[in-house]
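K.L.:
One structure coming up, written as structure tokens, with questions to follow.
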Amino acid sequence: MTTDNREDYLISILRLTEGGTVAKTTELASVMGVSPASVSEMLKILSKDGLVEYAKYRGVKLTEDGLKEARLIRKRHHVMERFLIDILGFDSISAHEEACRIEHSISDEASVRLCNILGNVPDCDCQCCISPCKAVSASGIPITLQMSDMSVDEKGVISHLKSDDGSMLKKLISLGLIPGREITVSSKDEGVFTVSMNGSFIAVDSEIATAVYVDAVKSA
């Protein structure tokens with residue numbers, strides 16, 4: 001059994017059972033495009049691995065471990081789909097097909113970093129994230145605020161970006177405003193912010209400054 005094949009089964013079971021129901025073998029066979037006998041064999045393997053609860057003629061549902069793995073796969077898919085549409089300009093159908101392939105190979109760490117750049121809206125799959133952002137985790141040690149709320153000489157590390165506008169995200173990335181980079185607000189004047197980053201200075205307007213979220217750590 002390949003990893004891709006196993007993950008396809010897990011995500012299909014997740015979709016069929018999210019309402020609290022049990023998926024029937026025939027339903028899963030239809031979704032996967034294989035015979036019921038092939039599904040039964042695969043479910044036996046997944047059950048042995050502790051990922052599903054399966055009883056012949058009674059159906060299948062995910063275990064806690066299986067649910068966590070399936071949600072991580074779906075989260076990777078959604079992150080890649082949005083990256084392909086908002087940053088690379090794919091249409092939604094092509095992005096979905098491409099994301100179906102990439103979701104099996106991208107690491108969870110890379111997916112988290114992309115998610116921080118895209119500023120995805122938290123959803124139920126975030127609870128399985130390997131590194132939950134502050135939108136879904138308990139309040140942590142530094143305070144996260146928008147760049148627009150930072151004071152002059154205040155220093156911080158970019159936490160994540162947040163914008164529904166793909167062109168805005170592209171602009172932020174082109175300016176080098178990427179999560180993990182340290183910035184210092186050098187001046188604020190009538191909605192224009194001068195920011196020091198990597199030894200150079202950039203000027204941004206208030207619209208850009210409100211799309212950048214920063215972990216404020218100390219004054220410069």
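K.L.:
Looking at the square roots a ≥ b ≥ c of the eigenvalues of the Cα gyration tensor of segment 9-62, which shape do they give, rounded for a/c under 1.5, prolate if a/b is larger than b/c, or oblate?
P.N.:
Here segment 9-62 falls in the rounded category.
K.L.:
Still on this structure: Compute the distance in nm between two label points, each set 7 Å from the Cα along the Cα-to-Cβ direction, one at residue 181 and one at residue 153.
P.N.:
Placing both labels 7 Å along Cα→Cβ, they lie 2.5 nm apart.
K.L.:
I'd like the Karplus ³J(HN,Hα) series for segment 191-205: coefficients 6.51, -1.76, 1.60, θ = phi - 60°, whole numbers in Hz, and an x wherever there's a Gly or Pro.
P.N.:
Computed from phi, the couplings for segment 191-205 are x, 10, 10, 9, 10, 8, 8, 6, x, 10, 10, 10, 10, 10, 8 Hz.
K.L.:
Can you tell me the FRET efficiency between residue 124 and residue 49 if r is taken as the Cβ-Cβ distance and R0 is 30 Å, rounded to the nearest 0.05?
P.N.:
Plugging the Cβ-Cβ distance into 1/(1 + (r/R0)^6) gives 0.80.
K.L.:
How far apart, in nm, are the 7 Å Cα→Cβ label points at residue 92 and residue 32?
P.N.:
Rounded to a tenth, the inter-label distance reads 2.9 nm.
K.L.:
Moving on to the next point. Relative contact order (percent) for the chain, with alpha-carbon contacts under 8 angstrom and 6 or more residues of separation?
P.N.:
The value is 16 percent.
K.L.:
What's the extension gain from residue 40 to residue 101 if we count 0.36 nm per residue and subtract their Cα-Cα distance?
P.N.:
The residue 40-residue 101 span can extend by a further 19.5 nm.
Read-outs throughout are calculated quantities, based only on the coordinates presented, and are distinct from any laboratory measurement. As the structure is a prediction and not an experimental result, all values here were calculated from the model. All Cβ positions, glycine included, derive from the backbone under ideal geometry; neighbour counts span all protein chains shown.
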